[in-house]
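Below is one structure, written out as structure tokens; comments come after it.
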Ligand code: 13P
Ligand code: ZN
């Protein structure tokens, strides 16, 4: 059996959490991350019959039965993940009936998965119904995006339009736009269901006055997606109180989308 700490997926996962912390997105225990793994990726590192603990999910995850997930622990600090993975992360399988997580590795100090597990797993289900290659769900508290939800209308179309205008790459990186949820109580099945519903329409869901959810095929792609949204929100916050003299025109956004061959969400610039 190979040492799981040498697994490339584990190293990449740790590195992403460090980068998220470095950028100031994940204060204290803020943020959580989940990566779907297939059995053949996990098998070289763990005895798949050796279930250390089971935990009740509290919602139906039947659509993910038999899938493996690497997930940050609740109340764990992103700044501590790299170098102490076994206490801060857990790797579990969704039971055959979709009601339990079967812990195979991690949460070594008795910890549990993130309190946002409903939003993560429900978002995995929703994104995979649109894109079967989706494997990552990232939740984080990027500073400027969070600030923007205090001063900008909390409406999906307007919010997307503003972000697209903030940097030339935006419409190319997130042509499906961002969905905006109103403030809701976090850590519940309700916010999980609302997030997953929006995830069917876009890979980014903004949690007003809280943070962001991003989804993607790889850790890099998902990190880049959230990073691009945060960059746009930063430009917005740097210019929000100033007289705006220039902007990217809607016709220019269309030229960009056509040039890069992306299908942008309809109803925002036309
Ligand atoms: P956890 O510590 O349970 O992952 O919660 C952090 C968070 O960001 C809640 O939204
Ligand atoms: Zn949060």
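With n ≥ 4 as the cut-off for DSSP H runs, can you work out [θ] at 222 nm for the chain, using -39500 (n - 2.57) per run divided by the number of residues, rounded to the nearest 500?
Per the formula, -11500 deg cm²/dmol.
First check a/c for the stretch 71-189, with a ≥ b ≥ c the square roots of the eigenvalues of its C-alpha gyration tensor; if it is under 1.5, answer rounded, and if not, answer prolate when a/b is larger than b/c or oblate otherwise.
In terms of gyration-tensor shape, prolate.
Per the Kirkwood formula on distinct C-alpha pairs, the Rh of the stretch 104-147 is how many angstrom?
The answer is 12.7 Å.
Cα axis of helix 117-130 to longest principal axis of the chain: angle in degrees, 0 to 90, nearest 10?
On a 0 to 90 degree scale, this one is about 70.
Along Cα→Cβ, 7 Å out, is where each label goes; now give me the distance between the ones at residue 238 and residue 188 in nm to one decimal.
Label at residue 238, label at residue 188, 3.8 nm between them.
For each of 8, 18, 95, count neighbouring Cβ atoms within 10 Å of the residue's Cβ, then give the residues from fewest to most. Walk me through the numbers on the way to the answer.
Values: 8 8, 18 16, 95 19.
Least crowded to most crowded, the residues run 8, 18, 95.
What's the exposure ranking of 238, 146, going from fewest to most Cβ atoms within 10 Å?
238, 146
Give me the distance between the Cα centres of the stretch 233-270 and the stretch 104-171, rounded to whole Å.
Going from one Cα centre to the other spans 21 Å.
Just to be sure I understand the curve: with the Debye formula and one point per C-alpha of the stretch 1-93, what is log10 I(q)/I(0) at q = 0.13, 0.20, 0.21 Å⁻¹?
-0.46, -1.04, -1.11
Taking the simple approach of a point 7 Å from Cα along Cα-to-Cβ for both residue 22 and residue 2, what is their distance in nm?
With each label point 7 Å from Cα toward Cβ, the separation is 2.5 nm.
With everything on Cα atoms, drop me the angle between helix 189-199 and the longest principal axis of the chain, reported from 0 to 90° to the nearest 10.
Roughly 50 degrees between the two axes.
Label residue 150 and residue 48 with points 7 Å out from Cα along Cα→Cβ: what is the distance between them in nm?
Modelled inter-label distance: 4.9 nm.
As a footprinting exposure proxy, order 143, 114, 162, 168 by other Cβ within 10 Å, with the fewest listed first. Display every interim value, and only then the final one.
Values: 143 16, 114 23, 162 20, 168 12.
Sorted ascending by nearby Cβ count, the order is 168, 143, 162, 114.
Can you tell me which of 69, 223, 56 moves the most in a GNM of the chain? Springs connect C-alpha atoms under 10 Å apart.
Fluctuation is largest for 56.
Measure nothing but the geometry: give the 0 to 90° angle between the long axis through the Cα atoms of 156-165 and the longest principal axis through the Cα atoms of the chain, rounded to 10°.
Approximately 70 degrees, to the nearest ten.
With r as the distance between the Cβ atoms of residue 59 and residue 260 and R0 = 25 Å, compute the FRET efficiency 1/(1 + (r/R0)^6) and round to 0.05.
With a Förster radius of 25 Å, E is 0.10.
Where both partners of a DSSP beta bridge lie in the chain, what percent of those bridges are antiparallel, to the nearest 5?
Roughly 90 percent of the DSSP beta bridges within the chain come out antiparallel.
At 0.692 mPa s and 37 °C, plugging the Kirkwood radius over alpha-carbon pairs of the chain into Stokes-Einstein gives what diffusion coefficient in µm²/s? Walk me through the numbers before you get to the answer.
Details: Rh = 19.0 Å.
Stokes-Einstein gives a translational diffusion coefficient of 172 µm²/s.
When the chain is fully extended, how far beyond the present Cα-Cα distance does residue 209 get from residue 169, taking 0.36 nm per residue of separation?
Net length gain for the segment: 11.9 nm.
Length gain on complete extension for the stretch residue 87 to residue 133, per 0.36 nm per residue less the alpha carbon to alpha carbon distance?
13.7 nm
Provide the gained length on full extension for the span residue 201 to residue 97, in nm with one decimal, where the gain is 0.36 nm per separating residue minus the Cα-Cα distance.
So the extension gain works out to 34.7 nm.
Only residues of the stretch 152-191 count here: report those whose backbone N is under 20 Å from the spot 7 Å along Cα→Cβ of residue 75, or say none.
Answer for the stretch 152-191: 186-189.
What is the distance in Å between the Cα centres of the stretch 174-198 and the stretch 1-37?
23 Å
Just so you know, all these numbers are worked out from the coordinates, no wet-lab data involved. Note that this is a predicted model, so its numbers are computed, not measured. Glycine gets a Cβ as well: all are built from the backbone with ideal geometry, and neighbour counts include every protein chain shown.
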